[in-house]
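Visitor: Handing you this structure, nothing more for now.
No lab work stands behind these numbers, since they all come straight from the coordinates. It should be emphasised that the depicted structure is a prediction, and the values quoted were computed from it without experimental measurement. Cβ coordinates were reconstructed from backbone atoms using ideal geometry, including for glycine residues, and neighbour counts include every protein chain displayed.
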Amino acid sequence: MRFSVSHADESRFVGDGLRPFFEYRDLGIATATDGRFHAHVIRARPGHHAAGGWHRHHLGFQLVYVLKGWVKFRYEGQGEVTLRPGSCVHQPPGIRHVEVEHSDDLELIEITMPAEFATESVPEPEAAAAAE
């Protein structure tokens with residue numbers, strides 16, 4: 001592992017991440033840890049709204065910490081959860097989830113292990129469909 005520092009005024013957001021309605025600022029952790037971990041700041045692209053379906057990630061660890069704005073998710077076995085500034089969620093490996101909506105000013109930090117992982121589209125859990 002190598003030392004790494006990322007300054008906001010020396011970094012930029014790019015729109016080529018997992019979701020087209022977000023922009024991503026890489027914090028350099030994947031390079032510093034040889035791909036063992038990844039960390040980035042994610043922010044909403046104003047006027048672009050959640051358009052993904054139910055999915056799960058094949059990884060060992062995922063943490064989301066909200067800096068600004070809010071985001072609503074539905075989680076298998078948990079129901080709807082609204083995250084706001086200061087909210088932190090650990091999404092266990094393989095949990096099915098879907099983003100419902102987010103504010104135009106949403107900004108959050110996401111940390112994953114490993115840096116690269118597969119995302120799989122999945123059917124809506126039966127309990128979630130019955131609750132609606």
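Visitor: Just check the range 38-131 against the gyration tensor rule for me: Cα atoms, a ≥ b ≥ c as the square roots of the eigenvalues, rounded for a/c under 1.5, and otherwise prolate or oblate depending on whether a/b exceeds b/c. Before the final figure, lay out each step's value.
Guide: Values: a/c = 1.61, a/b = 1.14, b/c = 1.41.
It is oblate, given that a/c is not under 1.5 and a/b is not larger than b/c.
Visitor: Please give the contour-minus-distance gain from S6 to D105: 0.36 nm per residue of separation, less the Cα-Cα distance, rounded to one decimal in nm. Intermediate results must be reported in sequence, preceding the final value.
Guide: Details: separation 99, 0.36 × 99 = 35.64 nm, distance 2.17 nm.
Here the answer is 33.5 nm.
Visitor: Okay, helix-only estimate at 222 nm for the chain: each DSSP H run of n ≥ 4 adds -39500 (n - 2.57), divide by all residues, round to 500 deg cm²/dmol; what do you get? Present the calculation step by step, with values, prior to reporting the outcome.
Guide: On the way: 2 runs with 10 residues, N = 132.
The helix-only estimate for the chain comes to -1500 deg cm²/dmol at 222 nm.
Visitor: Could you tell me which trypsin sites (Lys or Arg not before Pro) in the range 23-77 are loop residues by DSSP with no more than 14 other beta carbons within 10 angstrom of their beta carbon?
Guide: Details: sites: R25, R36, R43, R56, K68, K72, R74; in loops: R36.
Qualifying residues, ordered by number: R36.
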